[in-house]
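Novice: For reference, the structure I am asking about is given below.
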Ligand code: H53
């Protein structure tokens, strides 16, 4: 067919072209005169102007890929935490300054326009943000890819802090429309639930099974273009929305059951109504399982549809699609692809299984036992009777193999089974993912090692060749270029801008660490970023913080294993030292926290309250005299995070060793020149290796020490009794010092520490406080601190998501870049 012509007109990216397109959108898309256009009208007009550029590249991408013998990556994820699109797209297109100029000419402040964008909060934390970074890198590396997920009508809740407590407010990101997506009402899939199965013989006399479902809903595609950095590749994020199928309403209408029809509509739409706001562990709710199956089924049907358009034969499917399972949330895909191939397409079991295993890869993101997804067999079989049968059959064949390899080892068989029968019966999603994939990976060296040694040990023994590590990465475009323009300019002045695609080149900055003038500039940028954050903190919390103080920051989801409360114990220790000796010499510090707690996670919410209560007391105490400030930054999301990472002096990465699979915030901070205080956990280990032990503040038990201490019987009380400062700290909390004399308020927290201390805060407290003392000293030597800061940024290249995606492409997906030409 003829190449699509879409040059000129709205594809014109000259300054004049952009200005004209923008004005047209104010008129013809928003229906406004410029003089009465609202802030939202202007934002929308800008967004559509930029989207036109994306669509131009998207069409070119599709056009040039069509008919080529290529392989597409399908990234299946229940979460994509994208963050605002507009600024990011301007950077990737390379028209940031042009658009700033147009805004100025037209007489308004572009920042106000950027602020108008509601971010799509379609994820909880690390896992969802990782998926977003990977989409950015896939497109930037010109790799054909589709992200598949769920178009939640309500994303992660907005967090407010009232009286020190977290209050959740529903997210309404779609309220004013979403200019970045295209509804595709013609791209739909049917997804069924419940019912029963029945055997039959097909026309060739073969035994077959058909599924007679109880109900069926419709999935509708919504597409968001994902443009790479300074390339023409524009990939696709396809999110599914659930709707009622028309026939239902029509039938019900005919028999007069109007309310029944409306019920059905509500019921169907419920599936993609809201994101479950739990990071790890996920909550075992039926609707959650329905969400998982819904998006996985839509996505697989869509891939098969696309594949068949190209006329491919099904047994070659895995040469054209590589599907990655982002955690176990989409693991049902293994059974669903089998069902589609065997029941719907009439393939035999063995070739279908061969295709399935060659197609899927599985990324594990957690070692926490309570976070490994298990679904009660009864619930599962009720919703998916056919998939249950398929899983039993996969399991039967798989366990036969286990028995052949390890005859008589029934304990091993029970451990490896897809069905957990150790008390109740559950489907183990991680086992399903392992058995149905040709590749299994963890997300940091330590994590991948622990997976092999512990959680997935039996699977590693059986198929070691499936296992690998793929250390996480983050996109330097959003987390450096967009978030920290000051630092970006400074770096560009020294080493140009090629590091934005090849961050290993940041190493060229190393010699600058010895240049006093450069260090001075480096500090100036940091100070500006701190002033900026101080302003935002003042606007949002009313708290004044001093940009000259050390900014010590811990932002991430609230979870006991992440140990925000260890940080608080240390703050109280410092406060206690000041109270006992008002002239105690302390380098002024501002402690900043941020992060959401799962609404049902009582302890996490109590920790938020504790942070705010300690803040109230400390910030007001005249004895403290400005040396300590404690701030809880409300509503941490991608949009707000951009103020935070660039402003940090010290990054807190203090999880119990062996608990944080990787962490990615640790990377964002260090790239922006923060020094890390951290345990040997997750990617901290590798960050320390890269930046150098002398530029990293290490403390705490190792994962091995944590395990052996647990095994030998950990007694927190022993650490408590041995450390008088720790006793005073805990006593201050327990006595009601921070809660107006209320001794009950924090009792659950205190008791959990004293009697269980599952995450070993007491064991690590001494070492943490000591190393914090070294941080205090180090910060006083500003020249040396700046050196370390520069070296942190310079040596973080490894943690670009481009590196991670290259590894996935080469080792797991076996896909190659496909450069796209515009003309
Ligand atoms: O995934 C991140 C890791 C992080 C890990 C996180 C995660 C979730 O956000 C949700 C569920 C889950 O199993 C794991 O906690 O350590 O960096 C991306 O890999």
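Novice: Under the rule of -39500 (n - 2.57) per DSSP H run of 4 or more residues, summed and divided by the residues of the chain, what mean residue ellipticity at 222 nm is obtained, to the nearest 500 deg cm²/dmol?
Specialist: Rounded to the nearest 500, the figure is -13500 deg cm²/dmol.
Novice: As a test, work out the antiparallel percent of DSSP beta bridges whose residues both lie in the chain, rounded to the nearest 5.
Specialist: 45
Novice: In addition: With a point put 7 Å past each Cα toward its Cβ, work out how far residue 23 is from residue 586 in nm, to one decimal.
Specialist: Distance between the two pseudo-spin positions: 6.0 nm.
Novice: Assuming R0 = 56 Å, what is the FRET efficiency of residue 263 and residue 693, from their Cβ-Cβ distance, to the nearest 0.05?
Specialist: Efficiency, rounded to the nearest 0.05: 0.35.
Novice: What is the distance in Å between the Cα centroid of segment 347-373 and that of segment 407-431?
Specialist: With segment 347-373 and segment 407-431 each reduced to a Cα centre, they are spaced 16 Å.
Novice: Is the C-alpha gyration tensor of the chain telling us rounded, prolate or oblate? Criteria: a/c under 1.5 is rounded; beyond that, a/b larger than b/c is prolate, otherwise oblate.
Specialist: Oblate, because a/c is 1.5 or more while a/b does not exceed b/c.
Novice: In what sequence, highest mean first, do 642-651, 217-226, 698-707 appear when ranked by Cβ atoms within 10 angstrom?
Specialist: The most tightly packed comes first, giving 642-651, 217-226, 698-707.
Novice: Using the Cα gyration tensor of segment 484-798, with a ≥ b ≥ c the square roots of its eigenvalues, what is the shape: rounded (a/c below 1.5), prolate (a/b larger than b/c) or oblate (neither)?
Specialist: Note, shape of segment 484-798 comes out prolate.
Novice: Extension gain residue 63-residue 162, at 0.36 nm per residue separation less the Cα-Cα distance, in nm?
Specialist: Residue separation times 0.36 nm, minus the Cα-Cα distance, leaves 30.4 nm.
Novice: To the nearest Å, what is the center-to-center distance of segment 26-53 and segment 108-135, using C-alpha atoms only?
Specialist: 20
Novice: Still on this model: For a test of the definition: using alpha carbon positions, the gyration tensor, and the 1.5 limit on a/c, classify segment 1-149 as rounded, prolate or oblate.
Specialist: oblate
Novice: Can you order the peptides 668-675, 120-127, 567-574 by their average number of other Cβ atoms within 10 Å per residue, highest first?
Specialist: 668-675, 120-127, 567-574
Novice: For residue 816 paired with residue 207, estimate the spin-label separation in nm (one decimal), with each label point 7 Å from Cα along the Cα-to-Cβ line.
Specialist: In this crude spin-label approximation the distance works out to 4.5 nm.
Novice: May I ask for the distance between the Cα centers of segment 745-809 and segment 581-606, given as a whole number of Å?
Specialist: About 14 Å separates the Cα centre of segment 745-809 from the one of segment 581-606.
Novice: If I model a spin label as a point 7 Å beyond the Cα along the Cα-Cβ vector, how far apart are those points for residue 708 and residue 468 in nm?
Specialist: Label at residue 708, label at residue 468, 3.4 nm between them.
Values quoted throughout were computed directly from the atomic coordinates according to the rules given, and no laboratory measurement underlies them. Bear in mind the structure is a predicted one, so any value in this text is a computation, not a measurement. Neighbour counts are summed over all protein chains in view; Cβ atoms, including those assigned to glycine, are modelled from backbone coordinates with ideal geometry.
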